[in-house]
Amino acid sequence: HITSQQPDEERQRLGSAAAAQTRAAMVASTFEKLDRERQAALRHIVMKEDGMQEQEKARELLKEQLSTFCAMPSLDPSAKVLRTQQELSTYLRATPDLSGTAPVRLDLTRSRLTELPPQIICLTTLSELILVGNQLKSLPQELSMCASLKFLSLGCNLLDSIPDLGALPLWHIGLAYNRIDDAGLLSVLGNLPKSVLSLDLCTNMLCRFDGVVSTLDLSLPALSHLSLEGNPCCLRPAYRSSLLGTVFGARLAMLDGEAVMAGERSAEPAAEPTPSEDVPGTTESAPADANQETQSSGESNGAETTDSAVLRLV
């Protein structure tokens, strides 16, 4: 009897090992696919050399692709627009005393930057900063000195973290096509002001759907515009309806560049998952009564709180 049982146990063990290898291969292939897409985008954006007209077209197309808000006009129509470091230096020399001057929009898209130009921190009237398509691996803490900054677009760089920007009056931050993963998400969001209304995290390395949703919900209570597509966590079936069915999703006005329709929302938004399901450093499971308490809280607080008049720019 013992002899006949051993082959069955061996087959079961081998089957479990094969299944684990298959799952690992699927995860690896997903990361490889996203990495190929990211690298292709970087090569196209950073390395391609065209005439000035073509560069302008490429810049506008990139803005449309990377962020819900990037294709919009300046947040302040009176803003002074600067497009090169030379223009920035000339402007600072001409207006050494910036008190009373107009807000500034600095657009250094595809400028091959590996670090932030130090002159930027002198620009106290800077309200919009666009650094899309560069080679930035980090940002200096001095960026927090730009006390008027409302719009920050960092898409298509090499960032896995950001400095503490919690004191800035940011409305929107674009972080698409970077290297933010599940382990770094809590730190990134923790360095943003609670008042952020719009966030673009497209095509990063976020895998844990429940953990991402929980972290966003806890970190950014005012968020109403979110872009997540291109991350592995968005490959789950019915991703959009699953997210919009959560308590967090109930307050979103726009998801992945598309307005949220009333019919997409669940009548009773699903309860947020307990942090133990996905957030690193928590226990593996939570008591059943705690889950029930979370669900009842979600049902009572799941009504839509987004002010539809706020930032209706799209």
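The values are calculated or read from the model by the stated rules, or taken from the named source; none is laboratory data. Please read these numbers as outputs of a predicted model, since none were measured by experiment. Here Cβ is always computed from backbone atoms with ideal geometry, including for glycine, and neighbour counts include all displayed protein chains. Areas reflect the complete protein model, heavy atoms only, side chains present, ligands, DNA and RNA absent. Shrake-Rupley method; radii C 1.70, N 1.55, O 1.52, S 1.80 Å.
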Given (1) in a loop (DSSP other than H, G, I, E, B); (2) surrounded by 22 or more Cβ atoms within 10 Å (Cβ to Cβ), number of the condition residue 193 does not satisfy: (2)
Selection within region 112-135 - outside any strand (DSSP E or B) and of a type in the set (A, V, I, L, M, F, W, C): 113, 116, 120, 121, 122, 123, 131, 132
Residue 277 - would you say it is at pLDDT 50 or above and of a type in the set (Asp, Glu)? no
Of the listed residues (101, 109), the one being modelled with pLDDT of 85 or more and either in a loop (DSSP other than H, G, I, E, B) or open to solvent by less than 30 Å² (accessible area, probe 1.4 Å) (or both) is 109
I'm trying to understand the selection: among the residues of region 164-189, which are under 16 Å from residue 109 (Cβ atoms), out of contact with any strand residue (DSSP E or B) (no Cβ under 7 Å at 6 or more places or on another chain) and open to solvent by less than 10 Å² (accessible area, probe 1.4 Å)? 178
Could you run through region 208-254 and say how many residues are in contact (Cβ under 8 Å) with a residue 60 or more places away in the chain and in contact with a Pro (Cβ under 6 Å, 6 or more places away or on another chain)? 2
Scan 138, 161, 144 and give me the residue that is of a type in the set (Gly, Ala, Ser), open to solvent by 10 Å² or more (accessible area, probe 1.4 Å) and outside any loop (DSSP other than H, G, I, E, B). 144
Cβ-Cβ distance below 6 Å, separation of 6 or more or different chains: which pairs start in region 150-163 with a residue that is closer than 19 Å to residue 111 by Cα and end on one that is β-branched (Val, Ile, Thr)? 152/173; 153/130; 153/132; 155/132; 156/45; 156/132
Note on region 147-158: residues in a loop (DSSP other than H, G, I, E, B) and of a type in the set (A, V, I, L, M, F, W, C) are 147, 149, 154, 156, 158
Find the residue count for region 112-135, including only residues that are touching a residue at least 24 places away in the same chain (Cβ under 8 Å), open to solvent by less than 70 Å² (accessible area, probe 1.4 Å), at negative phi and not polar (S, T, N, Q). 10
Would you point out the residue of region 243-262, among those that are within 17 Å of residue 202 (Cα to Cα) and open to solvent by 20 Å² or more (accessible area, probe 1.4 Å), that is nearest to the chain's Cα centre (by Cα)? 256
Quick one: is residue 240 over 21 Å from residue 173 (Cβ atoms), modelled with pLDDT of 50 or more and under 19 Å from the mean Cα position of the chain (by Cα)? yes
